[in-house]
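Working notes, structure below.
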Amino acid sequence: MGSGLKKKKGRFGFNPMPGYNRSELENNAYLWCIRNNIKIAPFAVANSDPRKWWVDVNAKGKVKRSPYQYDENQIWPKIFELYVFYFQKYR
């Protein structure tokens, strides 16, 4: 019988993305963007090993995809960097 502390794989056979602790500025930027119809989300690259993501930005009805791919340790900081960018640009 184990301790239950071993990393478990998700139902799709891989570990989930790591968590990310937002700063107060990032949280305020996130809330402002959502309220103003600016949404930023990860979009998985098919069949990538290790797993990679693009960043999709839906700003007021226009969807743009990043030209770069990000790994699991880069994706959340990049997403919240973009939330702060849009917050500071449009507020």
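Restricting attention to the stretch 42-91, the residues that are aromatic (Phe, Trp, Tyr) and either outside any strand (DSSP E or B) or in contact with a His (Cβ under 9 Å, 6 or more places away or on another chain) (or both) add up to 8.
Matching residues to (1) at negative phi; (2) of a type outside the set (Phe, Trp, Tyr); (3) more than 14 Å from the chain's Cα centre (by Cα):
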{"position": "Ala41", "(1), (2), (3)": "yes, yes, no"}
{"position": "Ala44", "(1), (2), (3)": "yes, yes, no"}
{"position": "Pro50", "(1), (2), (3)": "yes, yes, yes"}
{"position": "Lys64", "(1), (2), (3)": "yes, yes, yes"}
{"position": "Tyr68", "(1), (2), (3)": "yes, no, no"}
{"position": "Asp71", "(1), (2), (3)": "yes, yes, no"}
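Considering the stretch 22-38, and only residues there that are touching a helix residue (DSSP H, G or I) at 6+ places or on another chain (Cβ under 9 Å) and polar (S, T, N, Q), the residue that is farthest from Ala59 (Cα to Cα) turns out to be Ser23.
Close Cβ contacts (under 7 Å, 6 or more residues apart or on different chains) running from residues in the stretch 71-91 that are within 13 Å of Ile34 (Cβ to Cβ) to residues that are of a type in the set (Asp, Glu) comprise Phe80/Glu26; Tyr83/Glu26.
Just so you know, in the stretch 27-51 the residues that are farther than 9 Å from Tyr83 by Cβ and of a type in the set (Gly, Ala, Ser) include one that is surrounded by the fewest Cβ atoms within 10 Å (Cβ to Cβ), and it is Ala46. Kindly establish whether Tyr20 is outside any strand (DSSP E or B), in contact with a strand residue (DSSP E or B) (Cβ under 9 Å, 6 or more places away or on another chain) and surrounded by 11 or more Cβ atoms within 10 Å (Cβ to Cβ). Here the answer is no, as Tyr20 does not meet what is asked.
Every number in this text was worked out from the coordinates using simple rules, so none of it is lab data. As the structure is a prediction and not an experimental result, all values here were calculated from the model. Using ideal geometry, Cβ is built from the backbone for each residue, glycine included, and neighbour counts are taken over all protein chains shown.
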